[in-house]
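Here's the structure we're looking at; comments come further down.
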Amino acid sequence: MGASESNIMADAINDVLYPNDNTEKGRRLRLKQQYFFVSASVQDVIRRYKAKYGEDFSHFAECYALQLNDTHPTVAIAELIRIFMFKEGLSFKEAFDIVQKTCNYTNHTVMGEALEKWNIDLFKSVIPTVYEIILMINDYLKKYLKSIGQTEEQINSKLIVDGSVIHMARMAIFASAHTNGVAQLHTNILMHDVLKDWYEIFPDRFQNKTNGITPRRWLGLCDPELSALITEKIGDGWQTDLDRLAGLKKFVDDGDTINRFMAIKRTKKEQLCAYIKEHEGIDLSPDFAFDIQVKRLHEYKRQLLNAFSIMDLYFQIKDHKLPDLQPTAFIFGAKAAPAYRRAKGIIKYINEVAKLVNNDPDTKDKLKVIFVQNYNVSYAEKLIPAADISEQISTAGLEASGTGNMKFMLNGAVTLGTYDGANVEIVEEAGWENEYIFGARVEEIDAIKATYKPKEKIYNRNDRVKRVVNTLVDGTFNDGDTGMFGELFNSLINGASWHKPDNYFLLTDLEGYVDTKLRALYDYKNRNVFSKKCWMNIASAGKFSSDRTVRQYAEELWKL
């Protein structure tokens, strides 16, 4: 009976992963999930170690490395110390030293709200013994900071247990051997801005490990036709040594190669059209340029900016200003967190834009908007090989890295994006001439952030921007009386209690974004020249293999 009850309890905890954390019940379940998976993993690691080495834990850090992937699994630090102390008889100092040598922390965001924090009362009620361990780590941190001459103010700004909150990222940085970012720009921002105070204390602990993708799935499996052409041109072996793709560069001016590449791209677009017809019931022509943005729905990723750009094009067509615009399909795929109201409002807005432009006689043959349902990896494997333009338009400085940008690059799409995350390194590899970069840079945003007044400086002075933004509230669209569109409008023009107006600088970047998008679409009309840009992206994608990423982790962090 006991085992059966345990199984039932385990099923109840993990039945719905990542529950809505907008309620006390949801937050409690999420913490239980995190602890459940972490504790099971840590106990398994210790069991395996003891089976081989017995009770002597002096070699533990030489045998195991725990990579804490973002802040969600960082409770592993306290759990490992708890087991070492209460089950294996080690002192706190002995346990902490082992854990600090064993764990490494990968940061995946510069956004403060995404650096996980837990309410003390909730945490203590769910895992009280682990909370006691965290208090010990916090006391040890205070003593350490005091020993190196930190002031009371400096110490208080770094406490793991601060007021009514437990800061998991602070524990991860202090109790790990290394902290790494996932793109060079992201790591630089961590070191010199977001985690600057920690970097000044532990400069040797910070490293960069630019993300990567597996070419076996994201080219070999999802585009076998292109894979076959690549193998024909440079031989086998590139699947496990992606740097060999550089050998494709010498074929960029070979007419037969580029024509065959164009034919393959056409085939993938035809396959996607058939898939969308089957799953969405929407007719789509492969003669259109395919402009695709697929990723998690978040305000900083700026799917709303993309939708605004489509409305700007719509208005220009209605005003007879774009008579020779390349017919373009704007394809979105995204999911929103259960409690993220604004993200759901953006999804609703994009679908309203789709209804308008897809059914207007003046635009339906030039613009098509599709928000695919239930976007997932299987859908991505159809979308990415068919893309002509990859939308990577996050606010500069907020995208840690991204991997979708790499997948699109590997499959021969140009990047339309900001100078952010791994986009920076994509441009470095493929060349400015083969990408379409727009928008305020990190340093420009930092310079205007304090005095930014989008309503006075942009909205009230720019009729083009105003016309587009007003579609949220002027009756152009219906949000079903939810008030979501009004909330989005206010977030841009008036701000909210927790942020300033236009917190993600959509109004700043809108005109430049549309102009850059139009440049890409007019370039697309010369298919041969545009396809050469796409080919150079494939040939320059070698750096972005996950094999390189894992090798760097293994050699530089795990010491394998």
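Taken together, the values in this text are just the output of simple stated rules run on the coordinates, not laboratory data. Just so it is clear, the structure is predicted and the values come from calculations on it, not from any experiment. Note: ideal-geometry Cβ built from the backbone for every residue, glycine included; neighbour counts use all protein chains shown.
Data for the structure
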item: Under 5 Å, built H, 5+ apart or other chain: amide partners of Q207; result: T179, N180, G181
item: 3J(HN,Hα) from dihedral phi, segment 485-502, Karplus parametrisation 6.51/-1.76/1.60, rounded to Hz, x for glycine, proline; result: 5, x, 5, 5, 4, 5, 5, 7, 9, 10, x, 8, 4, 10, 7, 7, x, 6
item: Simple Cβ-charge dipole of the chain, Lys/Arg +1 and Asp/Glu -1, about Cα centre, in debye nearest 20; result: 300 debye
item: Convex hull of segment 81-170 built on C-alpha atoms - directionally averaged projected area, nm²; result: 6.7 nm²
item: Relative contact order [Cα under 8 Å, 6+ residues apart], segment 322-414, whole percent; result: 29 percent
item: Value of [θ]222 nm, deg cm²/dmol, for the chain, DSSP H segments ≥ 4, -39500 (n - 2.57) each, nearest 500; result: -15500 deg cm²/dmol
item: From phi via Karplus (6.51, -1.76, 1.60), per-residue ³J(HN,Hα) for segment 319-327 in Hz, x at Gly/Pro; result: 8, 6, 9, 10, x, 10, 5, 5, x
item: Of K355/K533; K209/K269; K268/K533; K301/K344; K355/K407; K321/K344, those spanning more than 23 Å from alpha-carbon to alpha-carbon; result: K355/K533; K209/K269; K355/K407; K321/K344
item: The chain: projected area of the alpha-carbon convex hull, averaged over directions, in nm²; result: 28.7 nm²
item: K318/I148 FRET efficiency (R0 60 Å; Cβ-Cβ; nearest 0.05); result: 0.40
item: Relative contact order (%) - the chain, alpha-carbon pairs under 8 angstrom, separation at least six; result: 15 percent
item: Segment 177-246 pair-distance distribution - Cα-Cα, 10 Å bins, rounded %; result: 19, 32, 16, 22, 11, 1
item: Of all DSSP beta bridges in the chain, antiparallel share, percent nearest 5; result: 15 percent
item: Average Cα contact separation per residue, segment 71-197, under 8 Å, 6 or more apart, as relative contact order %; result: 37 percent
item: For F371, distant residues with modelled amide H under 5 Å away; result: F332
item: Counting DSSP beta bridges with both ends in segment 2-209, the antiparallel % (nearest 5); result: 35 percent
item: Backbone HN-Hα couplings from phi across segment 160-166 [Karplus 6.51/-1.76/1.60, Hz, Gly and Pro as x]; result: 6, 9, 10, x, 9, 10, 9
